[in-house]
1. Hey, does the range 77-89 have a residue that's open to solvent by 20 Å² or more (accessible area, probe 1.4 Å) and on the phi > 0 side of the Ramachandran plot?
2. Ala70 versus (1) touching a strand residue (DSSP E or B) at 6+ places or on another chain (Cβ under 7 Å); (2) hydrophobic (A, V, I, L, M, F, W, C); (3) within 19 Å of Val214 (Cα to Cα); (4) surrounded by 18 or more Cβ atoms within 10 Å (Cβ to Cβ): which is the lone unmet condition?
3. Condition check: open to solvent by less than 70 Å² (accessible area, probe 1.4 Å) and closer than 30 Å to Ile185 by Cα. Does Val44 satisfy that?
4. For Asp161, state whether it is out of contact with any helix residue (DSSP H, G or I) (no Cβ under 6 Å at 6 or more places or on another chain) and either assigned by the TED database to the domain that holds Phe199 or surrounded by fewer than 19 Cβ atoms within 10 Å (Cβ to Cβ) (or both).
5. Do the conditions hold for Ala173, that is, is it outside any loop (DSSP other than H, G, I, E, B), under 18 Å from Val126 (Cα atoms) and modelled with pLDDT of 85 or more?
6. Within the range 73-82, is even one residue acidic (Asp, Glu), at pLDDT 90 or above and either over 19 Å from the mean Cα position of the chain (by Cα) or under 30 Å from Leu18 (Cα atoms) (or both)?
7. So if I check each of Glu178, Glu183, Glu201, Glu128, which one is surrounded by fewer than 20 Cβ atoms within 10 Å (Cβ to Cβ), modelled with pLDDT under 85 and not assigned by the TED database to the domain that holds Ala12?
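The values are calculated or read from the model by the stated rules, or taken from the named source; none is laboratory data. Just so it is clear, the structure is predicted and the values come from calculations on it, not from any experiment. So basically every Cβ, Gly included, is an ideal-geometry build from the backbone, and we count neighbours across all protein chains shown. When the accessible area is computed, the model is the full protein with side chains, heavy atoms only, and any ligands, DNA or RNA have been set aside. Shrake-Rupley method; radii C 1.70, N 1.55, O 1.52, S 1.80 Å.
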Amino acid sequence: MKQPLKHRTLSAAIVDQLRQAILDGTYPAGSQLRQDALGDAYGVSRIPVREALFQLEAEGLVRIVPQKGAIVSELSLDEINDVFDLRRILEPRLLAQSAPRFTADDFDGLADIHRSFEKAIKARNVSEWGQLNADFHMALYVHAPQPRTRAIVLSLLQTSDRYTRLQLSNTKAMGIAEKEHAELIALCRAQKIEEACRFLERHIEAVRKDLLQVVAIAPKQRRKENS
């Protein structure tokens with residue numbers, strides 16, 4: 001199947017190859033990824049395979065199920081569109097209500113989350129990306145007097161978690177996320193609220209488009225190559 005992998009590290013190389021195999025449809029949703037079979041296929045022991053599967057679980061691409069092992073997760077285009085349609089509507093509304101009420105302490109808190117986000121990205125600590133992204137967005141809406149809408153958005157952000165981690169798995173997306181979060185803070189600090197809300201809407205839409213490409217284009221490309 002694959003030629004033996006050189007040290008890169010081994011687990012990182014396996015992560016890259018398995019991620020691509022999942023995204024291009026080689027391992028469709030519901031497939032069981034057996035450590036012993038993968039170790040034989042890649043010419044390695046089960047240890048780097050197990051590390052790779054834990055990494056892919058952190059990215060939301062597999063689920064580790066007791067007695068069954070690693071199972072490829074569903075990645076739903078309909079769910080992405082549903083979640084991001086709602087986010088694009090609700091989050092700018094919350095920001096418009098919250099941002100004018102920001103205090104110096106609020107900006108300090110946003111800056112702290114942003115620094116933690118940057119550190120997690122630089123350390124490639126994938127398991128923290130989704131939670132820190134959600135923390136950042138919810139901190140933007142902390143003063144919005146719509147508790148039910150905030151609860152809905154929190155649920156949407158939690159649903160987005162694995163998609164966020166997947167979308168941030170490439171270096172370009174990581175850099176864009178860092179810059180756009182910093183820009184949102186700067187616009188709110190300058191009290192350019194309407195501009196911040198428009199920027200937030202574009203930010204959410206850009207993430208959605210990026211995700212749709214990541215989830216949908218790779219399988220199409222593979223079918224084209226095999227036709």
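1. No, the range 77-89 contains no residue that is open to solvent by 20 Å² or more (accessible area, probe 1.4 Å) and on the phi > 0 side of the Ramachandran plot.
2. Among (1) touching a strand residue (DSSP E or B) at 6+ places or on another chain (Cβ under 7 Å); (2) hydrophobic (A, V, I, L, M, F, W, C); (3) within 19 Å of Val214 (Cα to Cα); (4) surrounded by 18 or more Cβ atoms within 10 Å (Cβ to Cβ), Ala70 violates only (3).
3. For Val44, the condition - open to solvent by less than 70 Å² (accessible area, probe 1.4 Å) and closer than 30 Å to Ile185 by Cα - is not met.
4. Answer is no for this residue.
5. Here the answer is no, as Ala173 does not meet what is asked.
6. Yes.
7. Being surrounded by fewer than 20 Cβ atoms within 10 Å (Cβ to Cβ), modelled with pLDDT under 85 and not assigned by the TED database to the domain that holds Ala12 holds for just one of Glu178, Glu183, Glu201, Glu128, which is Glu128.
The rows are residues; the columns are (1) touching a Ser or Thr at 6+ places or on another chain (Cβ under 6 Å); (2) without any contact (Cβ under 8 Å) to a residue 24 or more places away in the chain; (3) basic (Lys, Arg).
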{"residue": "Ile71", "(1), (2), (3)": "no, no, no"}
{"residue": "Leu86", "(1), (2), (3)": "no, no, no"}
{"residue": "Thr103", "(1), (2), (3)": "no, yes, no"}
{"residue": "Gly109", "(1), (2), (3)": "no, no, no"}
{"residue": "Arg115", "(1), (2), (3)": "no, yes, yes"}
